[in-house]
Amino acid sequence: MKVALFGAGRIGKVHAASIRADPRSELVAVTDVVAAAAEGLAAEYGIAVRSPEDILADPSIDAILVASSTNTHAELIEKGVAAGKAIFCEKPIDLSLDRALEVRRIAAGHGRPMMMG
């Protein structure tokens, strides 16, 4: 499974190592609003820094792992669903319970795995 990582901070680095350690997955791209963080992680793992839009539009990427700031989780899940990606998201989905439940409803009908850490 080809995986792209959204977020290259502390928890993103932990997830990058986990993706790399699993022989069933391949870390292929990273994106982060802090360019230096994305570039550092990309250099460490020999992967590409790509925009969120490029990642979501790439049909060769099977899954996204959302480890970005909390305020981006809900929107990235919705975009991942629209792009047909499997999704793993760090907690919480959103600080609003209503928004989290809305995202849950959207993700439930998309036919690909959606997990929350």
Label-to-label distance, nm, for residues given as A82 and R10 (7 Å Cα→Cβ offset)
3.2
Calculate what fraction, in whole %, of the accessible area of region 22-117 sits on carbon and sulfur atoms when a 1.4 Å probe is rolled over the protein chains.
56
Expressed in whole Å with the largest first, what are the equivalent ellipsoid semi-axes of the chain derived from the C-alpha gyration tensor as the square root of 5 times each eigenvalue?
22, 15, 12
Pairing the Cα long axis of helix 35-45 with the longest principal axis of the chain, what angle in degrees results, from 0 to 90 and rounded to the nearest 10?
60
Report the full-extension gain for the segment A57 to E102: residue separation times 0.36 nm, less the Cα-Cα distance, to one decimal in nm.
13.9 nm
For region 42-110, report the accessible area per residue in Å² (1.4 Å probe, heavy atoms, rounded to an integer).
52
Dividing the Cα radius of gyration by the Kirkwood radius, what Rg/Rh value follows for region 16-75?
0.94
Magnitude of the Cβ-charge dipole (Lys and Arg +1, Asp and Glu -1) of the chain about the Cα centre, nearest 20 debye, reported as 320
Quick one: ranking D98, D62 by accessible area, 1.4 Å probe, largest first, what do you get?
D98, D62
For Cα pairs less than 8 Å apart in space and 6+ apart in sequence, what is the mean separation divided by the residue count of the chain, i.e. the relative contact order in percent?
24
I'd like the accessible area for I61: 1.4 Å probe, protein heavy atoms, all chains in place, Å² to the nearest 10.
0
What angle do you read, to the nearest 10 degrees and between 0 and 90, between the alpha-carbon axis of helix 97-108 and the longest principal axis of the chain?
80
Mind running the shape call on region 44-91? Use the C-alpha gyration tensor, a ≥ b ≥ c as the square roots of the eigenvalues: rounded below 1.5 for a/c, prolate if a/b tops b/c, oblate otherwise.
oblate
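The values are calculated or read from the model by the stated rules, or taken from the named source; none is laboratory data. As the structure is a prediction and not an experimental result, all values here were calculated from the model. No Cβ is skipped: glycine too gets one built from the backbone with ideal geometry, and neighbour counts run over all protein chains shown. These accessible areas exclude ligands, DNA and RNA; they are computed on the full protein's heavy atoms, side chains included. Shrake-Rupley method; radii C 1.70, N 1.55, O 1.52, S 1.80 Å.
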